[in-house]
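The values are calculated or read from the model by the stated rules, or taken from the named source; none is laboratory data. The model shown is predicted, which means the values in this text are computed figures rather than measured ones. So basically every Cβ, Gly included, is an ideal-geometry build from the backbone, and we count neighbours across all protein chains shown. The area values use the complete protein model at the heavy-atom level, side chains included, leaving out ligands, DNA and RNA. Shrake-Rupley method; radii C 1.70, N 1.55, O 1.52, S 1.80 Å.
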2 protein chains.
Amino acid sequence: MNNNQSGLDIVLVHHPVVNKIGETIGSAVTNLDIHDIARTGKTYGVDSYYIVTPYKDQHKLVYEILHHWKSGHGATYNPARGEALELVQLEFSLEDVIETIRRKRGCKPLLITTSARTQEKSLGYSQLRARIEHKEPILLLFGTAHGLAPEIMEMTDYCLPPVGAGTGYNHLSVRSAVSIILDRLLGVPEDAITES
Amino acid sequence: MNNNQSGLDIVLVHHPVVNKIGETIGSAVTNLDIHDIARTGKTYGVDSYYIVTPYKDQHKLVYEILHHWKSGHGATYNPARGEALELVQLEFSLEDVIETIRRKRGCKPLLITTSARTQEKSLGYSQLRARIEHKEPILLLFGTAHGLAPEIMEMTDYCLPPVGAGTGYNHLSVRSAVSIILDRLLGVPEDAITES
């Protein structure tokens, strides 16, 4: 593995996820999920940000957005945005993502899910942080809509505990959840950051 | 002060902020800034989420969005969203926010800015966390566009250090920055959260 790489990839899943009554659905891609999560991923040193959707028209839409910021007018207007969007890779299924990573890194990554509810197979933030520091290949999974479908929870290795402050309300956007979780896993203490 | 209150308010400033070449401007309100930041604020126990814009048409737009989720169709479709949006209060200027808080809490809050760059008058996260635990009235300021204007930086008490991971890239959305900063200030360690 390239020494500049962290070993950590993230994936935003649009299918299979569940709706508010627990049925498995496919959700539509949200423009700000592409931007915000790529910007957070780039800020925290994530290697790739995979977006999974089985729908071809959604792939077309995402490619048009990426083109605008990576090579179109957006690239001149705001080059830093294109730099973040270089992280984005589109795939049709989670299995395709795992296969892509297997080819890139030479082995299957450790699959870690995230959830607003406590799940079985829990792994703490400090434990996962230590594994990231050892550059173990890790894929962190985030769900859209009302969360990852049960079949994904079953096929993965561990689940991170919910973030929050114990207020009894826990309805973060996936953009917020990714930001908080990456800061807990990769964030540098304030006195260790030197300005670039 | 009500014992259920944290003492912490946040404000998202749309004027005065700076554009990419450092000129003072007023920015437009982004729909997802209303939603994401209210959801994060409610999850972390913030008392009020102030939105500052001097433009009357922007107030009208925000009130329509709030009405939809607090009393309109959105309130039936997703009651949890309305609960988060109860935190939102619209004001025309930062001075108006400070006056509202002074009336609510009986004193002027400590004004804390946030920035992607290191500023003078720095206050660490652990130091501010301790002051929040003592329920000192605090107003945390976030800027839209390319950040809070210099006159705001000058009138405030302290600035939090930039968040991130020391990668040299630091272009978080304000939605992500709010999420990470509230988790650093109010987040509960994983083993202390019990499911609601």
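Structure values in brief
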| quantity | calculated |
| --- | --- |
| Label-zone membership for the stretch A:3-34, site B:Thr167, 7 angstrom Cα→C-beta point, backbone N under 14 Å | A:4-11 |
| Nearest-first distances (nm) between copies at A:Ser122, label 7 Å from Cα via Cβ | 3.5 |
| Fully extended contour minus Cα-Cα distance, from A:Tyr55 to A:Ser122, at 0.36 nm per residue | 21.0 nm |
| Computed log₁₀ I(q)/I(0) - Debye formula, equal Cα scatterers, no solvent, the stretch B:27-120, q 0.14, 0.21 Å⁻¹ | -0.59, -1.17 |
| Alpha-carbon centroid distance for the pair the stretch A:25-80 / the stretch A:125-159, whole angstrom | 21 Å |
| Copies compared at B:Tyr63 - label distances in nm, ascending, label defined 7 Å from Cα in the Cβ direction | 4.6 |
| Cβ neighbours within 10 Å from other chains - mean over A:157-164 | 4 |
| Cα Rg, Dmax, the stretch B:8-188, angstrom units | 15.8, 47 |
| Surface per residue (accessible, 1.4 Å probe) for the stretch A:129-196, Å² | 41 Å² |
| Cα gyration tensor category, rounded, prolate or oblate, for the stretch A:98-196 with a/c compared to 1.5 | oblate |
| Nm distances between copies for A:Glu136, ranked from closest, using label points 7 Å along Cα→Cβ | 4.0 |
| Under-25-angstrom lysine pairs by C-alpha in chain B, whenever the two are 8 or more apart or on separate chains | 16 |
| The stretch B:8-188 - percent relative contact order, Cα under 8 Å, separation 6 or more | 30 percent |
| Accessible area in the full protein assembly, largest first, 1.4 Å probe, for A:Cys107, A:Cys159 | A:Cys107, A:Cys159 |
| Cα gyration tensor, the stretch B:115-168 - rounded (a/c under 1.5), prolate or oblate | oblate |
| Amide H contacts under 5 Å for A:Ser122, placed H, 5+ residues apart | A:Cys159 |
| Surface share of carbon and sulfur [accessible, 1.4 angstrom probe, percent] for chain B | 50 percent |
| Interface burial for B against A (accessible surface, 1.4 Å probe, total of both chains, Å², rounded to 100) | 3900 Å² |
| Occluded residues from the stretch A:33-53, i.e. those whose accessible area drops by 30 Å² or more once the chain is not alone (1.4 Å probe) | A:Asp36, A:Arg39, A:Lys42, A:Thr43, A:Tyr44 |
| Gyration tensor verdict on the stretch B:26-78 (Cα atoms; rounded if a/c is under 1.5, prolate if a/b is larger than b/c, oblate otherwise) | oblate |
| Over the protein assembly as shown, equivalent-ellipsoid semi-axes from the Cα gyration tensor in Å | 33, 23, 22 |
